[in-house]
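The values are calculated or read from the model by the stated rules, or taken from the named source; none is laboratory data. Bear in mind the structure is a predicted one, so any value in this text is a computation, not a measurement. Cβ atoms come from the backbone with ideal geometry, glycine included; neighbour counts cover every protein chain shown.
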Amino acid sequence: MHGSGIPIWFFIGVLLVTYGLMILGYGVYEWQTASYPAGVQLTNLHTPVWWGGLLAALGLLYVVKFRPGRA
Amino acid sequence: MIVNSICLLTSLASPNLLAFSTAPLAHLRPLDIAVIAIYFAMVLWIGFYLKGRSNTGEEFFMAGREMTAWIAGLSFVSANLGSLELMGWAGSAYQYGILATHWYWVGAIPAMLFLGLVMMPFYYVCKTHSVPGYLNLRYGGQASSVAAFSFAIEMILMSGVNMFAMAVVMKVVLGWDISFSIFVSSIAVAIYVGLGGLRSAIFNEVLQFVLIWGGALLVPILGLVQAGGVSGLKTKIMANMQSMTSVHGDSYFHLWRDTGSFAANPMGVHWTGIVLGLGFVISFGYWTTDFLVVQRVLAAHNLRAARMAPIIGSFFKMAVPFIVILPGLLGLVLLQNPDGSRRQLVGEDVVAACSVASASGKLDNSAECSAAMAKTTLPAAYQQKVLAGDPNAELHTYNQALPLMMVRYLGPGLLGLGITALIAGFMSGMAGNVSAFSTVWTYDIYKPLIKKNGTDSHYVLMGRLSILFGVIVSIGAAYLVQQFHGIMDYVQALFSIFVAPLLAAILFGMFWKRATALAGFLGLLLGIVFSASLFMWVKLVPSALASVALSPDAKPMAENVFRALWAFVFTAVVIIVVSLLTKPKPVAELEGLVYGATVLPKEEPVPFYKNVWLWAILAVCIFATLNILFW
């Protein structure tokens, strides 16, 4: 957004970091305990781990770059 | 939503689906619930945060005209990327193959580029708050009032339909109570749009856009891995299609090759209808005159950003088939029944006919169900299982292709993200309609017709109250649709009836100095009457479709396309004839409104990579390449 205030990209960054860490955390637990949800396909690819990590990394980038008060 | 989604969306959100008492498609875990709850908390946080920045009329209704090209562009394309669109077109791809992609490419890209390059300067320079506002400046109050009332009624009813559609989808997918979904979503929308106005709606649309990609992108990626890549997908579809349809399976992979006749392609459309009806009238009507999307671009912080926004949006629009069309195609070969056999999706009419009503689980309408299934390609053994009430013999509609694919690949957390993306899509659709209604009501109906000399703060208060009013009426409309199912057809047809006459009125107003006020008013009014008459004709006499679409082989999908085309031609003729018989405005009064009578402001020099034309040419090249690639 143009002008002052918290940019929308910061809100998006916060949301992505939160979601990314939650999904990554679950993915690591799932991998460690080998307790995969019934009916879900391709669990051998450990999707929550890499997708959660990707979301968290992208979100962190946005949080840092668009944090309030950054010149 | 674009007009030709209508028949898909009607079936997607049909109350009849509630009659089929299968278990919900998905079961949410605590992690999924947490993901959804965090989304609602974030939406409300944004609403409360933006309240302090929505105090004046310009801030509340136009987001302070502070949006960058990226935000306006993403919001512009996101306003059209609702959940009904995602699910409806994924189901459409399952039925018709990549022909459904026309609604994303030829049905969007040329119009988006035209808006950015040619029309936006006129909208932006005259500083109108809305599309009816432009008509008021160009043609006067009569034409503006026709447009404003049509917009207001359409938007508020569409919001209700959207709300109900979300509740039905949540009921079918998750088993949620209808009233719970309606009230939670409407309260959230009323709070965040009522507090933050258009800025809040735009923020949430950008948020929704990111969520949709974050939640839905995994489905085609994992689907392609499992299908053996694009070549594997193609081979499997070719093998399956021979048993499912009379059209050759190869047709599922061609955009244009088989559109030379209505009967040669799965959709039953002709290329003339696609190019003229969809690519020109419907697409230009929607993307360049529908206030819901144009309002997003009007909120840009300068003319260059306003012109760039639709062009940025066009790149994302071209990418959307990857998360919508591809999952539909993948569903054709990957979805499985509980016994491991290939799952075939069916029409909503079949699911409704096979609804289980008796406590024993046996069908109480087996003759009707049997007749409905006989028209499908479901294997005979599977049909017997359905008739016997086998709990493993589930029937699902085409439009459930996307949620079924999500359930197939997304585990806890990721499924919550996917469901959140769907909820976000529904809610931003409601918010978009309600915020646009608020602006049109306040600036184009209340201010000119009821209270002309109110203060700015009075109009902001009226805007907030109208949002509350809009949400309440939407809830009423949602329950009305639940009680009287047929209403949905008519509500969703409102847009399709209105779009072509409006496009003709705006194009002639913007590019023909000779067009007069009376011509604009009469063209719009008579065009709407003509379009509505064609709609009712086909509704009451289904065989009239052959006359409207000029072929006995035409399918319902062709109706909206050709009806829009004839309505545009009719309106154009009325405007031309009446204009030639009446006295035009002096050219001096058309400054800022009409091509040839307006000196556009000079834009500041920018580096070549920020040039609007450069990005537009790049978009055209990608668009052309994609169409040739999938010819």
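Does the range B:315-329 contain at least one residue that is in contact with a strand residue (DSSP E or B) (Cβ under 7 Å, 6 or more places away or on another chain), in a helix (DSSP H, G or I), in the same structural domain as B:Val168 (by TED's automatic domain parsing) and not acidic (Asp, Glu)? There is no residue in the range B:315-329 that is in contact with a strand residue (DSSP E or B) (Cβ under 7 Å, 6 or more places away or on another chain), in a helix (DSSP H, G or I), in the same structural domain as B:Val168 (by TED's automatic domain parsing) and not acidic (Asp, Glu). All conditions in (1) farther than 24 Å from B:Gly285 by Cα; (2) assigned to a loop (DSSP other than H, G, I, E, B) hold for B:Glu589, with the sole exception of (2). If I go through the range B:262-302 residue by residue, how many of them are of a type in the set (Gly, Ala, Ser) and either surrounded by fewer than 24 Cβ atoms within 10 Å (Cβ to Cβ) or not assigned by TED's automatic domain parsing to the domain that holds B:Trp70 (or both)? Residues flagged as of a type in the set (Gly, Ala, Ser) and either surrounded by fewer than 24 Cβ atoms within 10 Å (Cβ to Cβ) or not assigned by TED's automatic domain parsing to the domain that holds B:Trp70 (or both) within the range B:262-302 amount to 4.
Here's the yes/no breakdown for (1) without any contact (Cβ under 8 Å) to a residue 12 or more places away in the chain; (2) more than 11 Å from chain B (Cβ to nearest Cβ):
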{"site": "A:Phe11", "(1), (2)": "yes, no"}
{"site": "A:Gly25", "(1), (2)": "no, no"}
{"site": "A:Gln41", "(1), (2)": "yes, no"}
{"site": "A:Leu45", "(1), (2)": "yes, no"}
{"site": "A:Leu54", "(1), (2)": "no, no"}
{"site": "A:Ala57", "(1), (2)": "no, yes"}
{"site": "A:Tyr62", "(1), (2)": "no, no"}
{"site": "A:Gly69", "(1), (2)": "yes, yes"}
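Evaluation of B:Gly523 against the conditions (1) touching a Pro at 6+ places or on another chain (Cβ under 8 Å); (2) surrounded by fewer than 22 Cβ atoms within 10 Å (Cβ to Cβ) shows that the sole unmet condition is (2). When the range A:32-56 is filtered for residues that are among the hydrophobic types (A, V, I, L, M, F, W, C) and either over 13 Å from B:Gly413 (Cβ atoms) or modelled with pLDDT of 95 or more (or both), the ones remaining, listed by number, are A:Ala34, A:Ala38, A:Leu42, A:Leu45, A:Val49, A:Trp50, A:Trp51, A:Leu54, A:Leu55, A:Ala56.
Looking only at residues in the range B:238-257 that are crowded, with 20+ Cβ neighbours inside 10 Å and under 26 Å from the mean Cα position of the chain (by Cα), the one that is modelled with the highest pLDDT is B:Leu255.
Do you know which residues across the range B:382-414 are of a type in the set (A, V, I, L, M, F, W, C), within 14 Å of another protein chain (Cβ to nearest Cβ) and in contact with a Lys or Arg (Cβ under 8 Å, 6 or more places away or on another chain)? Don't jump to the end; show me each part of the working.
Step one: filter the range B:382-414 for residues of a type in the set (A, V, I, L, M, F, W, C), giving B:386-388, B:393, B:395, B:401-402, B:404-407, B:410, B:414.
This time we only want the ones that are within 14 Å of another protein chain (Cβ to nearest Cβ), so: B:404-407, B:410, B:414.
Matches in the range B:382-414: B:Leu404 only.
B:Val569 meets the conditions (1) touching a residue at least 40 places away in the same chain (Cβ under 8 Å); (2) surrounded by 13 or more Cβ atoms within 10 Å (Cβ to Cβ) in every case but one. The failed one is (1).
Evaluating B:Thr625 against the criteria (1) in a helix (DSSP H, G or I); (2) surrounded by 13 or more Cβ atoms within 10 Å (Cβ to Cβ); (3) of a type in the set (Val, Ile, Thr) leaves one unmet condition, (2). Of all residue pairs spaced 6 or more apart or on separate chains, those with beta-carbon atoms under 6 Å, a first member in the range B:392-405 that is under 12 Å from B:Gln95 (Cβ atoms) and a second member that is modelled with pLDDT of 85 or more and surrounded by 24 or more Cβ atoms within 10 Å (Cβ to Cβ) are B:Tyr398/B:Gly91; B:Tyr398/B:Tyr94; B:Asn399/B:Gly91; B:Ala401/B:Ala90; B:Ala401/B:Gly91; B:Ala401/B:Tyr94; B:Ala401/B:Gly328; B:Ala401/B:Gly331.
Quick check on the range A:27-39: of everything there that is more than 9 Å from every other protein chain (Cβ to nearest Cβ) and free of Cβ contacts under 8 Å to residues at least 12 places away in the same chain, which residue is surrounded by the most Cβ atoms within 10 Å (Cβ to Cβ)? Per the criteria, the residue is A:Tyr29. Scan the range A:28-44 and give yes if some residue there is within 14 Å of the chain's Cα centre (by Cα) and under 24 Å from B:Leu217 (Cα atoms), otherwise no. Within the range A:28-44, one or more residues are within 14 Å of the chain's Cα centre (by Cα) and under 24 Å from B:Leu217 (Cα atoms). Which one is surrounded by the fewest Cβ atoms within 10 Å (Cβ to Cβ), of the residues in the range B:172-221 that are among the polar types (S, T, N, Q) and away from chain A (no Cβ under 14 Å)? Among those residues, the one meeting the criterion is B:Ser179.
Scanning the range B:117-128 for residues that are assigned to a loop (DSSP other than H, G, I, E, B) and touching a Gly at 6+ places or on another chain (Cβ under 6 Å) gives a single hit, B:Cys126. Among (1) touching a Gly at 6+ places or on another chain (Cβ under 7 Å); (2) farther than 21 Å from B:Ala26 by Cα, there is one condition A:Ile23 misses while meeting the rest; what is its number? In the conditions (1) touching a Gly at 6+ places or on another chain (Cβ under 7 Å); (2) farther than 21 Å from B:Ala26 by Cα, A:Ile23 misses (2) alone. Applying the condition of being buried (at least 24 other Cβ atoms within 10 Å of the Cβ) and closer than 15 Å to A:Gly5 by Cβ to the range B:61-72 and asking which residue is farthest from the other protein chains (Cβ to nearest Cβ) yields B:Ala63. Pairing residues of the range B:33-48 that are away from every other protein chain (no Cβ under 11 Å) with residues that are aromatic (Phe, Trp, Tyr), at Cβ distances under 7 Å and at least 6 apart in sequence or on separate chains, gives B:Leu44/B:Tyr192; B:Gly47/B:Tyr192. The single condition among (1) more than 14 Å from chain A (Cβ to nearest Cβ); (2) more than 19 Å from the chain's Cα centre (by Cα); (3) crowded, with 21+ Cβ neighbours inside 10 Å; (4) not small (Gly, Ala, Ser) that B:Tyr94 does not meet is (2). The single condition among (1) in contact with a helix residue (DSSP H, G or I) (Cβ under 7 Å, 6 or more places away or on another chain); (2) closer than 30 Å to B:Met67 by Cα; (3) not charged (D, E, K, R) that A:Trp51 does not satisfy is (2). Would the range B:367-382 turn up any residue that is acidic (Asp, Glu) and in contact (Cβ under 8 Å) with a residue 40 or more places away in the chain? Taking every residue of the range B:367-382 in turn, none turns out to be acidic (Asp, Glu) and in contact (Cβ under 8 Å) with a residue 40 or more places away in the chain. For the range B:161-184, the count of residues that are farther than 30 Å from B:Leu410 by Cβ and in contact (Cβ under 8 Å) with a residue 12 or more places away in the chain is zero. When B:Lys583 is tested against (1) over 25 Å from the mean Cα position of the chain (by Cα); (2) basic (Lys, Arg); (3) surrounded by 14 or more Cβ atoms within 10 Å (Cβ to Cβ), just one condition goes unmet, and that condition is (3).
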